[in-house]
Amino acid sequence: MKILYCDCFFGISGDMLLGAFLDIGVDKEYLTSELSKLPVEGFRIKVDKIVKKGIYGTNCKVIIEKKEQPHRHLSDICNIIEESALSQWSKTTSTQIFRNIAEVEAMVHHISVEQVHFHEIGALDSIIDIIGAVICFESISADKIYTSAVNVGKGIVKCAHGLLPVPAPATLAITKNSTIPVYSVYADGETATPTGMAILNTMAEYTEELPFMQIDAFGYGFGDREYKMLNGLRLIIGHTD
């Protein structure tokens, strides 16, 4: 049995997850080829191999070439996904993640799901983060996906609605009905984003300890900011009989 373990010792975001997948062996050309099946344009993937705290890993960024992006509703994003040439599994999974985000945004703002404007989540970079992560999960083809508890950070974050406490309201709402525990240590800032938490909550099952397995590979996806602790996400692939 093939196992994928997400070690969220310093949180999770869409770009950190993409970086970790590329670091662990997902082919960049495969990822960009699959993303080209989306009926959207004006983006590219920038991948850099870097060292943080003496650890070698990957930083991945979605570069938007057209800065003006519309505020999309859930139906708009669902149409983008459905009109793509992605696999049915990727379509269904990506749609579910966006639906989960829309539901918590609706709860936080006390509006209907149909009224939710996705703001940052609807921006092209976040669409690519989420769908790109789903493509990578499918590429790994793990039989079981597990996650650690998540370090969500603390302090204040600037978003479309202004300055908000960390974890951001949408992130907090995603964790409300989740089995994945959260905590905060060594981080004055947002280390877990709504995008990252929604992907994790949809894809992974919480385990208190590293799963029993023979480790085959591991990789690190790095964030940009510097903290006392390594600003990264670690993925571990293993197997067991």
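The values are calculated or read from the model by the stated rules, or taken from the named source; none is laboratory data. Computed from a predicted structure; not experimentally measured. Reconstructed Cβ throughout: ideal geometry from the backbone, glycine too, with neighbour counts over all protein chains shown. Heavy atoms of the whole protein, side chains included, go into the accessibility calculation; ligands, DNA and RNA do not. Shrake-Rupley method; radii C 1.70, N 1.55, O 1.52, S 1.80 Å.
Things worth noting here:
- Hey, residue 75 assigned to a helix (DSSP H, G or I), in contact (Cβ under 8 Å) with a residue 24 or more places away in the chain and not aliphatic (A, V, I, L, M) or not: yes
- Residue match in region 15-22 (condition: over 15 Å from the mean Cα position of the chain (by Cα), under 16 Å from residue 132 (Cβ atoms) and either modelled with pLDDT under 95 or open to solvent by less than 70 Å² (accessible area, probe 1.4 Å) (or both)): no
- Close pairs from region 216-241: first at pLDDT 95 or above, partner basic (Lys, Arg) and open to solvent by 30 Å² or more (accessible area, probe 1.4 Å), Cβ under 6 Å, at least 6 apart: 220/234; 230/53; 231/225; 239/2
- For the residues 137, 212, the requirement of being aromatic (Phe, Trp, Tyr), touching a residue at least 12 places away in the same chain (Cβ under 8 Å) and assigned to a helix (DSSP H, G or I) singles out 137.
- Within the set 123, 142, 149, the sole residue that is touching a residue at least 24 places away in the same chain (Cβ under 8 Å) and either within 18 Å of residue 11 (Cβ to Cβ) or hydroxyl-bearing (Ser, Thr, Tyr) (or both) turns out to be 149.
- From 82, 114, residue being charged (D, E, K, R) and farther than 19 Å from residue 138 by Cβ: 114
- When residue 187 is tested against the conditions (1) in contact with a helix residue (DSSP H, G or I) (Cβ under 6 Å, 6 or more places away or on another chain); (2) aliphatic (A, V, I, L, M); (3) in a loop (DSSP other than H, G, I, E, B), the lone failure is (1).
- Out of 88, 96, sole residue that is touching a residue at least 60 places away in the same chain (Cβ under 8 Å), among the polar types (S, T, N, Q) and open to solvent by 20 Å² or more (accessible area, probe 1.4 Å): 96
- Residues of region 109-124 that turn out to be surrounded by fewer than 18 Cβ atoms within 10 Å (Cβ to Cβ) and part of a helix (DSSP H, G or I), as a count: 6
- The residue of region 42-95 that is modelled with the highest pLDDT, among those that are more than 20 Å from residue 134 (Cβ to Cβ) and of a type in the set (Asp, Glu), is 48.
- Every condition in (1) in a loop (DSSP other than H, G, I, E, B); (2) open to solvent by 60 Å² or more (accessible area, probe 1.4 Å) holds for residue 49 except the one numbered (1).
- Test for residue 58: is it surrounded by 18 or more Cβ atoms within 10 Å (Cβ to Cβ), assigned to a helix (DSSP H, G or I) and under 16 Å from the mean Cα position of the chain (by Cα): no
- One residue stands out among those in region 81-100 that are among the aliphatic types (A, V, I, L, M) and either in contact with a Pro (Cβ under 6 Å, 6 or more places away or on another chain) or in a loop (DSSP other than H, G, I, E, B) (or both): the one that is farthest from residue 220 (Cα to Cα), which is 85.
Here's the yes/no breakdown for (1) surrounded by 14 or more Cβ atoms within 10 Å (Cβ to Cβ); (2) among the charged types (D, E, K, R); (3) farther than 30 Å from residue 113 by Cα:
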site	(1), (2), (3)
134	yes, no, no
137	yes, no, no
146	yes, no, no
152	yes, no, no
162	no, no, no
177	no, no, no
200	yes, no, no
204	yes, no, no
216	no, yes, yes
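- Check on residue 11, open to solvent by less than 80 Å² (accessible area, probe 1.4 Å) and at positive phi: yes
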